[in-house]
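Written out below as structure tokens is the structure these notes cover.
The values are calculated or read from the model by the stated rules, or taken from the named source; none is laboratory data. Just so you know, these numbers come straight off a predicted model, no measurement behind them. As a convention, Cβ positions derive from the backbone with ideal geometry for all residues, glycine included, and neighbour counts pool all protein chains shown. Keep in mind that these areas ignore ligands, DNA and RNA; they rest on the heavy atoms of the full protein, side chains included. Shrake-Rupley method; radii C 1.70, N 1.55, O 1.52, S 1.80 Å.
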Amino acid sequence: MSNQELIREVRSASFSDELEAGLEQFVQAVAALSSLYPAQHKYRIEFGERTLLREVLDPDAHETHWWQTGLYIIRKGLEDVPALNSQYGQAMDELETQLDGHFGPYEAVTLREIDSTTVNGVCLLSELMQYPQSTFVAPNAYSLAQALFSDIAWYRAVYVGKAPVGFAMLEDDEQNQNYYLWRFMIAPQFQKFGYGRAAIECIIDYVKSRPGASELSLSYIPHEQGPAQFYRKLGFIETGEIDEGEVCMRLAF
């Protein structure tokens, strides 16, 4: 179904007066942004509109929910245009509150396989990273491309309820009993909710189940806004080694 068809479906559907008004403001905000957004990134706006409208029409029909990411894309676009942000920003904040109630709570953090229906969105999550975080980890599309040519790559999307929020990839080397956190990211709109910590704990549980696993290792780019303190709080310690400019850490089991 095209975005325009979804708009017609939403306008003919029955919602509360408040939600109907919020969705109409959302559609108008997207239309206003579309003419201003850089052509090479317009697919983000289209993705944001399509996923939110599709899911609000029938939340239970979709195993994966992207509406939060979609709304975040639109809100970030509005912030770049002060006049539009003044016109629509508050309405988008109110819409998020309404949709939280419409979709229900998102709670349990899990790791799920990526398939043809989710790969585009998972790749988009890392495109939303801002500097300097965008320099700390390779784009998810790059990681998935590398995984195609690796016999030891194990990768999953990080979910909170039905919502994909991040990406993780391990070097899962059963033969040498070596387990390394190759890539890890949580999209900016989902940070500071404890999802990253919960996801790492899921990864640790997985690694503990692997043959001969005695530790999980990783490395990070040193930076004052980098992830060092995050990993230290989870029990990782620096080994004293530097690998291609990255500081190495390990968590012994």
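Structure values in brief
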| read-out | value |
| --- | --- |
| Candidate lysines - alpha carbon under 26 Å from LYS42, same-chain residues fewer than 8 apart omitted | LYS76, LYS162 |
| Separation of the GLU174 and ASP115 label points, Cα + 7 Å toward Cβ, nm | 2.2 |
| Vicinal HN-Hα couplings computed from phi for segment 221-228 (Karplus, 6.51 cos²θ - 1.76 cosθ + 1.60; Hz; Gly/Pro x) | 7, x, 6, 4, 9, x, x, 3 |
| GLN191-SER86 FRET efficiency (beta carbon distance; Förster radius 25 Å; 0.05 resolution) | 0.45 |
| Residues listed by number, segment 24-52, amide nitrogen under 13 Å from GLN4 label point at 7 Å toward C-beta | none |
| Loop-resident sites, segment 97-199, for chymotrypsin sites (Phe, Trp or Tyr not before Pro), counting at most 13 other Cβ within 10 Å (DSSP) | PHE149 |
| Of the GluC sites (Glu not before Pro) in segment 46-83, those whose Cβ has at most 16 other Cβ within 10 Å and which sit in DSSP loop | GLU63 |
| Residues HIS62 and SER14, FRET efficiency given R0 of 22 Å [Cβ-Cβ distance, rounded to 0.05] | 0.70 |
| Most mobile of ILE152, ILE221, ILE242 in a GNM of the chain (Cα contacts under 10 Å) | ILE242 |
| Euclidean distance between Cα centres, segment 122-160 to segment 196-253, Å | 17 |
| Of all accessible heavy-atom area on segment 143-253, the percent that carbon and sulfur account for (1.4 Å) | 46 |
| Lys, Arg +1 and Asp, Glu -1 on Cβ, resulting dipole of the chain about Cα centre, debye, nearest 20 | 200 |
| Stretch gain in nm, segment ALA21-TYR131, where the contour uses 0.36 nm per residue and the Cα spacing is subtracted | 36.2 nm |
| Share, in percent, of DSSP beta bridges within the chain that are antiparallel, nearest 5 | 95 |
| Ellipsoid semi-axes in whole angstrom, largest first, where each is sqrt(5λ) of the Cα gyration tensor of segment 149-253 | 21, 18, 13 |
| Solvent exposure of segment 86-145 as accessible area per residue, Å², 1.4 Å probe | 54 |
| Kirkwood-Stokes translational diffusion coefficient of the chain, alpha-carbon pairs, 10 °C, 1.306 mPa s, µm²/s | 81 |
| Extension gain, ILE221 back to ILE242 (0.36 nm per residue minus Cα-Cα distance, nm) | 6.6 nm |
| Neighbour-limited loop hits for trypsin sites (Lys or Arg not before Pro), segment 144-253 (at most 11 other Cβ within 10 Å; DSSP other than H, G, I, E, B) | LYS192 |
| Residues of type aspartates and glutamates that LYS192 reaches as a straight line, Cα spacing below 19 Å, ignoring anything fewer than 8 places off in the same chain | ASP93, GLU96, ASP100, GLU107, GLU127, GLU201, GLU224 |
